[in-house]
Amino acid sequence: MAELLATHPSAELTEWIAYEQITGPIGQGRDDILMAMLAATVSNANRGKGRKAKITDFLPKWDRSAGRPRMDWTEMLAAVKTMNRSMGGRDLTKEGQPDGADTGRAPRRARNQQR
């Protein structure tokens, strides 16, 4: 959608939004639904009597944060510092300096160091 905003005039974007509302999702969202329909059909064809599979049983759930409380910035920072330590990273923040000195900027890369 962001690509459309950058390259198409507002009127054309509005037409595409209206088209999608009438015909259903366009692109990857539609592909997910079509593949879920196929998976449900194959599953039901190879299943005995009992509960039949539904399309929703096979739709991917992309939002992994559902049901979890949202973290505030201090909790996110603590999580990042923990991940950094576990991967052997160095803490270059003011708190991570031996004497608490703040350099005021990120360390420079060596000229020969690959990006």
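The values are calculated or read from the model by the stated rules, or taken from the named source; none is laboratory data. Everything numeric here is computed off the predicted structure, so don't read it as measured data. Here Cβ is always computed from backbone atoms with ideal geometry, including for glycine, and neighbour counts include all displayed protein chains. The protein model used for the area step is the full one, side chains on, heavy atoms only, and it has no ligands, DNA or RNA in it. Shrake-Rupley method; radii C 1.70, N 1.55, O 1.52, S 1.80 Å.
Taken over segment 40-95, residues that are among the aliphatic types (A, V, I, L, M) and under 21 Å from the mean Cα position of the chain (by Cα) amount to 9. When segment 76-115 is limited to residues that are open to solvent by 70 Å² or more (accessible area, probe 1.4 Å) and hydroxyl-bearing (S, T, Y), the one that is modelled with the lowest pLDDT turns out to be T103.
Cβ-Cβ contacts under 6 Å between residues 6 or more apart (or on different chains), taken from a first residue in segment 9-27 that is without any contact (Cβ under 8 Å) to a residue 40 or more places away in the chain to a second residue that is surrounded by 10 or more Cβ atoms within 10 Å (Cβ to Cβ) and in a helix (DSSP H, G or I), are listed as L13/L4; I26/E20. Among the residues of segment 40-75, those identified as within 30 Å of Q28 (Cα to Cα), without any contact (Cβ under 8 Å) to a residue 12 or more places away in the chain, open to solvent by 70 Å² or more (accessible area, probe 1.4 Å) and part of a helix (DSSP H, G or I) are T41, V42, A45.
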